[in-house]
Amino acid sequence: MAVSFGAHVKRLREVRRLTQEELAERSGLAADTIRRLEHQDFSPSLRTLRKVSKGLGLTVAAMFTSFELEGVPEEIARINGLLAGRSPAELKLVERVLATLFEELDRDSGSEADNK
């Protein structure tokens, strides 16, 4: 099922743990504008999209790039939303943390299998 752009904005807002009011304040928009955008009640102008992306800490390009990845499993889309807009240094750190975590998980699942 295709996800609307409004639902995508909502996901990006939620993974950043922002309320509609907080995003509106950060974006310099009215909370009603954020609600209407998330519910697909209007087609936002490029100016509005720039404000929303700034409020989310993203570039407009990053916001649309992450939207193009829709159709992937929900968990991956949420992780992508968390990563969108992060600096290269932050992304390298996240990659190292995940690699370490997965190594540990693999090690734990291997020892659990040995104990059975």
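The values are calculated or read from the model by the stated rules, or taken from the named source; none is laboratory data. Every value quoted in this text rests on a predicted model; they were computed, and no experiment measured them. Cβ: placed from backbone, ideal geometry, glycine included. Neighbour counts: every protein chain shown.
Brief remarks on what is shown
- Test set (1) at pLDDT 95 or above; (2) of a type outside the set (S, T, Y); (3) buried (at least 18 other Cβ atoms within 10 Å of the Cβ) - D32 fails condition number: (3)
- Pairs, first under 21 Å from L49 (Cβ atoms) in region 65-84, second of a type in the set (F, W, Y), C-beta under 8 Å, six or more apart: F67/F5
- The residues on offer are D41, D106, and the sole one that is of a type in the set (D, E, K, R) and either in contact with a His (Cβ under 7 Å, 6 or more places away or on another chain) or assigned to a loop (DSSP other than H, G, I, E, B) (or both) is D41.
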